[in-house]
Amino acid sequence: FYPFSRNHNEDEASDQDPAYWSKDTIEAIKESLELRYHLLPYIYTLFYRAYLNGTTVARALAFEFPEDLSTHKINAQFMLGSCILVTPVLDEGRVGVEGYVPSGEWINLSTGKRYFSRGTWMYFDAPLNIIPISTRCGCIIPIQIAAETTDIARKKGFGLFVILSSSDDGSDASGERITASGELFWDNGDDAKLNYVYIKFEVRNRKLSVISTPSSVDTFQKIDLNELEVKTVLIVGFLRKPLEFLLNDKAIPFMYDSKLDTCQIKFQSRLTLNEYFSIKWNF
């Protein structure tokens, strides 16, 4: 989860590359690296923000929650952007860890469960294959399918991980209350020239809107549109099953998981982020 993540070693030291370890450790390393690859579009966008206005990619909790005095002395946790709270295990042999969770609603990424904190310390299970990660409710995180290289991953398309600010129980009041937002910066990954597309994601009144802004009139002729294809959208925060989902006012199939309070859409026709589209749900 560090902004720059790479393995180093020296000639005289023991091997430490992922394939050197036990089977269980190899699997844990693989899962961790795949999670990083899933998050690369989010991390890449954080670098864009850092370039644009000097914000940080990884940051102390005190940076994100300056008015919460309890965060000022925390040095064993950090935020990745404003949406992801990382609580690493730093002691050998531990299968759990205590971490401070600032006030608000969060999703435990390993369990998928939503929880509310008033600014308290919590215990997180952390066996070898799990790093405790909490995602902030109200965030929309662009993700991609993991692959052996970033070049291959770019060609597999995007997913949107939408975490509603509060649970939607189907009532008019909750429909007016829930929000979520996120962003994506995307270019060809190699060109130093500023030829990119900026995409804004927003949920209001039970509608997810996707709006793209190219850096110039010919941007979409210079970017591979296959890289901007959306494969799936996962929305977290449904206390009951919606009646329908509409893509640009046309009904589309979806899957509802009552245990995780999620709805997932897998698009059957090509949908790309270079064009405006909206996804609305009704009860």
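The values are calculated or read from the model by the stated rules, or taken from the named source; none is laboratory data. On a predicted model such as this, the values are computed, not experimentally measured, just so you know. Quick reminder, even Gly has a Cβ in these numbers, built from the backbone with ideal geometry, and neighbours come from all protein chains shown.
Keeping to segment 63-73, report how many residues are within 18 Å of Phe1 (Cα to Cα) and surrounded by 18 or more Cβ atoms within 10 Å (Cβ to Cβ).
Residues in segment 63-73 being within 18 Å of Phe1 (Cα to Cα) and surrounded by 18 or more Cβ atoms within 10 Å (Cβ to Cβ): 1 in total.
Would you check which residues across segment 206-229 are among the aliphatic types (A, V, I, L, M) and at pLDDT 95 or above and list them?
Selection gives Leu208, Val210, Ile211.
Pairs please, first residue from segment 267-281 and under 20 Å from Glu244 (Cα atoms) and in the same structural domain as Ile235 (by TED's automatic domain parsing), second anywhere and part of a strand (DSSP E or B) and of a type in the set (Gly, Ala, Ser), Cβ atoms under 7 Å, 6+ apart in sequence or on different chains.
Listed pairs, sorted by first residue: Ser278/Ser209.
Checking the conditions here, which among Gly170, Gly189, Gly175 is out of contact with any Phe, Trp or Tyr (no Cβ under 6 Å at 6 or more places or on another chain), on the phi > 0 side of the Ramachandran plot and not in a strand (DSSP E or B)?
Gly189
Quick check on Leu61: is it outside the structural domain of Leu208 (by TED's automatic domain parsing), of a type in the set (A, V, I, L, M) and more than 17 Å from the chain's Cα centre (by Cα)?
In short, yes.
Suppose we filter Asp172, Asp187, Asp168 for residues that are farther than 24 Å from Arg49 by Cα, among the charged types (D, E, K, R) and buried (at least 17 other Cβ atoms within 10 Å of the Cβ); which single one remains?
Asp168
Given the conditions (1) at pLDDT 95 or above; (2) within 22 Å of Ile235 (Cα to Cα); (3) charged (D, E, K, R), report the number of the one that Asp68 does not fulfil.
(2)
Within segment 259-277, which residues are exposed (fewer than 15 other Cβ atoms within 10 Å of the Cβ), among the polar types (S, T, N, Q) and assigned to a strand (DSSP E or B)?
Within segment 259-277, none qualify.
Can you run down the residue pairs with Cβ atoms below 7 Å, 6 or more apart or on separate chains, where the first is in segment 68-89 and under 20 Å from Glu183 (Cβ atoms) and the partner is of a type in the set (Ser, Thr, Tyr)?
Here the result reads Gly81/Tyr42; Cys83/Thr135; Ile84/Thr135; Leu85/Ser134, each pair linking segment 68-89 to a residue that is of a type in the set (Ser, Thr, Tyr).
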